[in-house]
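Written out below as C-alpha cells is the structure these notes cover.
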C-alpha cells in the first residue's frame with residue numbers, strides 16, 4: 001500500500017475538525033435563534049389567548065354561543081389572530097375564521113386535548129382552514145372549582161418567522177463558508193510548520209542510516225521539534241560509538257567461533273538459524289553463505305538433529321545426545337543443547353554444540369570388538385574346563401574330601417569366569433544395541449553380599465576388612481548379575497589400591513526416587529587430573545603399579561557401561577593419601593509402590 005505524506009494526513013484531519021466545528025456552531029446558532037423566535041411567538045399567542053379567556057368567560061358560563069362567536073370575530077379581526085372556543089364535547093362554538101357549525105370535530109386536536117385536560121396545549125401544523133402553517137396555543141377556561149368549561153385557542157401563522165429564519169440561515173451559511181476558507185488556509189500554514197522540519201529530520205535520519213553520523217540537525221523554532229532534533233543528534237553520536245563497539249565484538253566473536261574445534265549452531269525459538277560457525281558447516285555439509293535467518297529444516301537435512309533441536313527448544317533444559325548423520329559419509333557426533341538467553345535472561349532459542357567423534361567411535365568399536373573376540377576365545381577353554389570338572393564331580397568318581405573340595409572350587413570359579421565372559425559379551429552387545437538389558441525387581445542386599453563374598457579371598461591376602469550397610473528391604477529394578485559384576489570390579493579395585501590392614505565400606509541408602517551405593521576405601525587416592533578420564537577404556541593412573549597388580553584397564557569402563565545400562569550414573573571423589581569413594585546412583589521408580 002502506498003504511503004501518504006504526513007501533510008496529507010494532518011491537513012484533511014484539521015479541515016474535517018474545523019468543518020465539523022463550524023457546522024456544529026452554525027447549527028447551534030440557527031437552532032437557538034429558531035427556538036427563541038418560536039418561544040417569543042408562543043408567549044405572544046398565550047397572552048392573546050389569556051385576554052380572550054377573560055372576556056369570553058361570562059358568555060361561556062351563560063352558554064351564549066352566538067355572543068361567543070361574535071366576540072371571537074371582533075377580537076380576531078382587531079388582533080389579526082385566529083381565536084377558537086371549543087367545548088368539552090369537542091364542538092367549536094366560536095371561531096374568528098370560520099363558522100362554528102361548519103367546523104370539524106376539534107376534540108382530537110393535540111392542543112385542545114391538553115387544554116380540556118387542564119393543561120396548556122401547544123402545537124404547530126398545517127391548517128386546512130387557513131391554508132398555511134400555524135402555531136396553536138390552547139388554554140383551559142376553568143371555574144373556581146377547577147372544572148374546565150372550555151378550551152380557548154389562539155393561533156398565528158408561521159410565515160413571518162419562516163422568512164426571518166430563512167434570512168438568518170443564508171447569513172449563517174455565508175459566515176460559515178468564509179470562516180471555513182480562512183480556517184483551511186490557517187491549517188495549511190500550521191501543518192507546513194510541522195511537516196517541513198520533520199521532512200528535514202527524516203532526511204537526516206536516512207543519512208544516519210547510511211552511516212553518515214557526522215551530519216547534524218539544525219536548531220528548530222518550536223521547543224518539541226528542537227528537542228526531537230537534539231535527540232536525533234545525540235542518537236547519531238551514540239549509534240556511532242555503539243556500532244564501533246559491536247563491530248569490534250563481532251570480529252572477536254567470529255574469530256573465537258572460527259577457531260573452535262567444535263561446531264556451534266544457534267537457532268531462535270522459531271527454529272531459524274542465528275549463527276553457524278565454520279566447523280558446524282563442515283560437519284553438517286552446509287554452505288556457509290546465505291544461511292542466516294533460514295529455517296533449520298531448509299538447511300540441515302538430518303531429521304534426528306532436527307528432532308534434537310525441537311527437544312531442546314521444547315524442554316528448555318540442557319540435553320546431550322549421540323547422533324549418527326548418514327550422508328555421503330556416516331558421521332558420529334556428540335550434541336549438547338542448552339537454552340540461548342538474551343541480556344535480560346529470557347529464552348530466545350537454543351545453542352547446539354556439535355563434536356565430530358567418528359574417529360573416537362571407530363576406536364571404541366575396535367576396542368569393543370577386541371573385548372568381544374577375547375571373550376569368545378576364552379569361552380571354548382572355559383567350557384572345556386567346566387565339562388571336565390563336572391565329569392570329575394559325577395558319582396562315577398570316588399574322590400577324597402580335599403580333592404572333592406578343590407574340584408568344587410574349580411567348578412565354582414570356572415562358572416564364575418564363564419559368567420564374567422558372558423557379562424563381557426553382554427556389554428559388547430549393549431554397546432551395539434543401545435544399552436538395553438533385562439531387568440527385574442530384586443533386593444540389593446543379597447547382590448552386595450554376593451559381591452563381597454567373591455572378593456573375600458583377595459581381601460584376605462591383605463587382611464582388608466570389607467563391611468556393608470544396606471537395608472534388608474531395599475529393592476529396585478536391576479540386572480543382578482551385571483550389577484554384582486560392577487560391584488566386584490569396584491571392590492577388587494579398592495582392595496588392589498589399598499595398603500594391608502585397611503577397610504573397605506559399602507553403603508547403600510534410599511535417596512528420594514533413587515538409590516545411592518557408596519564404595520569407600522582407605523587407599524592411595526587419586527589426583528584431580530585423573531578423575532575425568534578414570535572410566536575410559538585402558539586408561540591407567542599408574543601404568544607400572546597397574547601391571548604389577550594385574551589390572552587390565554577395562555574394569556572401571558565395564559562398571560560405567562553396566563551402570564549406564566541401568567540408566568544410572570557413577571562418579572568418584574578422591575583425595576591423594578585419603579582414599580577414594582565411588583558413588584553409584586540408580587533410579588528407583590518402585591519406591592512409591594513399595595511405600596504403599
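Given the conditions (1) in contact (Cβ under 8 Å) with a residue 40 or more places away in the chain; (2) not in a helix (DSSP H, G or I), and given that residue 221 satisfies all but one, which numbered condition is not satisfied? Condition (1) is where residue 221 drops out. Condition check: touching a helix residue (DSSP H, G or I) at 6+ places or on another chain (Cβ under 7 Å), buried (at least 21 other Cβ atoms within 10 Å of the Cβ) and assigned to a helix (DSSP H, G or I). Does residue 41 satisfy that? Here the answer is no, as residue 41 does not meet what is asked.
Quick grid of which residues meet (1) touching a strand residue (DSSP E or B) at 6+ places or on another chain (Cβ under 7 Å); (2) assigned by TED's automatic domain parsing to the domain that holds residue 33; (3) under 19 Å from residue 59 (Cα atoms); (4) surrounded by 13 or more Cβ atoms within 10 Å (Cβ to Cβ):
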residue: 91; (1), (2), (3), (4): no, yes, yes, yes
residue: 106; (1), (2), (3), (4): yes, yes, no, yes
residue: 143; (1), (2), (3), (4): yes, yes, yes, no
residue: 156; (1), (2), (3), (4): yes, yes, no, yes
residue: 176; (1), (2), (3), (4): no, no, no, yes
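Restricting attention to the stretch 155-170, does a residue exist that is at pLDDT 85 or above, in contact with a helix residue (DSSP H, G or I) (Cβ under 9 Å, 6 or more places away or on another chain) and assigned to a strand (DSSP E or B)? So far as the stretch 155-170 goes, yes, one or more of its residues are at pLDDT 85 or above, in contact with a helix residue (DSSP H, G or I) (Cβ under 9 Å, 6 or more places away or on another chain) and assigned to a strand (DSSP E or B). Could you check the stretch 397-407 and list, in sequence order, the residues that are surrounded by fewer than 13 Cβ atoms within 10 Å (Cβ to Cβ) and either touching a residue at least 12 places away in the same chain (Cβ under 8 Å) or part of a helix (DSSP H, G or I) (or both)? Passing the criteria: 401, 402, 403, 405. All told, residue 180 meets the bar of being modelled with pLDDT under 85 and more than 20 Å from residue 33 (Cα to Cα). Of all residues in the stretch 261-280, none satisfies being in a helix (DSSP H, G or I) and at pLDDT below 75. Of the numbered criteria (1) at pLDDT 90 or above; (2) within 57 Å of the chain's Cα centre (by Cα), the one residue 453 fails is (2). For the stretch 268-300, residues that are in contact (Cβ under 8 Å) with a residue 24 or more places away in the chain, surrounded by fewer than 18 Cβ atoms within 10 Å (Cβ to Cβ) and over 23 Å from the mean Cα position of the chain (by Cα) total 1. Considering the stretch 214-228 alone, what residues qualify as being in contact with a helix residue (DSSP H, G or I) (Cβ under 6 Å, 6 or more places away or on another chain) and under 13 Å from residue 198 (Cβ atoms)? Correct list: 217, 220, 225.
Taking first residues from the stretch 194-209 that are over 16 Å from residue 239 (Cβ atoms) and outside the structural domain of residue 229 (by TED's automatic domain parsing) and partners that are surrounded by 15 or more Cβ atoms within 10 Å (Cβ to Cβ) and modelled with pLDDT under 75, the Cβ contacts under 6 Å between residues at least 6 apart in sequence or on separate chains come to 195/7; 197/220; 197/225. Remark: pairs (first residue in the stretch 525-538, not assigned by TED's automatic domain parsing to the domain that holds residue 493; second residue assigned to a loop (DSSP other than H, G, I, E, B) and at pLDDT below 75; Cβ separation under 8 Å; 6+ apart in sequence or on different chains) are absent. Please verify whether residue 316 is assigned by TED's automatic domain parsing to the domain that holds residue 269, surrounded by fewer than 18 Cβ atoms within 10 Å (Cβ to Cβ) and at pLDDT 85 or above, treating the condition exactly as stated. Here the answer is no, as residue 316 does not meet what is asked. Here is the figure for the stretch 120-138: residues that are out of contact with any helix residue (DSSP H, G or I) (no Cβ under 9 Å at 6 or more places or on another chain) and either under 18 Å from residue 60 (Cβ atoms) or at pLDDT 85 or above (or both) total 1.
The values are calculated or read from the model by the stated rules, or taken from the named source; none is laboratory data. Bear in mind that the values here come from a model prediction, so they are computed numbers and not experimental data. Note that each Cβ is placed from the backbone with ideal geometry, even for glycine, and that neighbours are counted across all protein chains shown.
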